[in-house]
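Note sheet for the following structure.
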Amino acid sequence: MCDAVAAGIAFAVIGSGLGIASQVVSYQQQQANVAYRNQVAEQEYEFAQMQVSSAREYESQKSILQDDIISQNATIAALAHASDIAQLNLALSQEQEAAAQKKREAAVAGLQMRGEVLASGKSGAVVDSLIADFYRQQANFDFATSRNLAFTFQQGQQQKVGAQATYASRLASQNPYLKQTILDPIRPIKTPDPSALPYVLNAGSAVASSIAGGMSLTSGLKGLNATKPPPVPGLPTNSLGGSEVSAAVKAGWPGSLLY
């Protein structure tokens, strides 16, 4: 009977130990899995932050480069505009000087003609009419020369307006770079640590099952001992309560009634 109880207790203890150990290992493995997933998520988040930082730096560099191009373009456009205006002003000055020179030459020619008429010693209405005609021709020439010069100045002003438009077009050919909006990555939500309660309950269930199994084993062994025949008088019994007939026969046991 004691052996049956001891076997049941041993079964219960071993089964309980294995059940508890199995649940402890499962819980630790689940903890390791959660920690690994959280670590991977954190590394991916840090990598995403590095990508965002790099992209923003790239956008900043593009904006700075475009600003430099705009500044250089504005400088070149201003120099070109100043050169165009200077050339137009020079051309107008040359036209003005040429018109003045023509007027002086015409005036000198008119004076020479009038002087020749007066030097001839002639007088009268014909001479007066001739001199008046010289003055009239000179006035017409001066008027035509001044009118042509005015047209030239007007054309120069229109060319200056065109140069101003060209200057504005050169400035507008380069626009500031509009940096793209890059959002920060979303911080990952970490997986919470697993609860130990399910594993504790499973371990308790394993212990209860092991105890029930041990009790069932003890009951079975007790029932088995109860169904064995009683020992034969005069024969030694084994650990299970049976007679060691074979050993007694071999030893020539004198008290055996069945020998």
Problem set entry | Test result for Thr181, in the same structural domain as Lys103 (by TED's automatic domain parsing), β-branched (Val, Ile, Thr) and either farther than 30 Å from Ile69 by Cβ or part of a helix (DSSP H, G or I) (or both) | no
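Residue by residue, here is whether (1) modelled with pLDDT under 90; (2) under 29 Å from Asn140 (Cβ atoms); (3) exposed (fewer than 13 other Cβ atoms within 10 Å of the Cβ) holds:
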{"residue": "Asn73", "(1), (2), (3)": "no, no, no"}
{"residue": "Ser83", "(1), (2), (3)": "no, no, yes"}
{"residue": "Ala86", "(1), (2), (3)": "no, no, yes"}
{"residue": "Gly110", "(1), (2), (3)": "yes, yes, no"}
{"residue": "Met113", "(1), (2), (3)": "yes, yes, no"}
{"residue": "Val117", "(1), (2), (3)": "yes, yes, no"}
{"residue": "Lys122", "(1), (2), (3)": "yes, yes, yes"}
For this session: Search the range 131-171 for residues being in contact (Cβ under 8 Å) with a residue 40 or more places away in the chain and either among the charged types (D, E, K, R) or not in a helix (DSSP H, G or I) (or both), and hand back the single one that is nearest to Leu79 (Cα to Cα).
Result: Arg170
For this session: State which residue pairs qualify: first residue within 11 Å of Ile189 (Cα to Cα) and inside the range 36-53, second residue of a type in the set (Gly, Ala, Ser) and not in a helix (DSSP H, G or I) in any location, beta carbons under 6 Å apart, and separation of 6 or more residues or different chains.
Result: none
Exercise. Quick one: Ser71 ticks every box in (1) closer than 30 Å to Pro176 by Cβ; (2) in contact (Cβ under 8 Å) with a residue 12 or more places away in the chain bar one, so which box is it?
Worked result: (2)
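For residues that are closer than 30 Å to Ala165 by Cβ and of a type in the set (D, E, K, R), scanning just the range 88-108, find the one that is surrounded by the most Cβ atoms within 10 Å (Cβ to Cβ). Walk me through how you get there before you give the answer.
Taking the range 88-108 first, the residues closer than 30 Å to Ala165 by Cβ are 88-99.
Imposing the further condition that a residue be of a type in the set (D, E, K, R) reduces the set to 95, 97.
Details: Glu95: 17, Glu97: 10.
Only one residue tops the list, namely Glu95.
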For this session: Give just the number: which of (1) hydrophobic (A, V, I, L, M, F, W, C); (2) within 20 Å of Gln159 (Cα to Cα); (3) exposed (fewer than 11 other Cβ atoms within 10 Å of the Cβ) does Ala77 not satisfy?
Result: (3)
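The values are calculated or read from the model by the stated rules, or taken from the named source; none is laboratory data. Because the structure is predicted, anything quoted here is derived from the model rather than measured. Note that each Cβ is placed from the backbone with ideal geometry, even for glycine, and that neighbours are counted across all protein chains shown.
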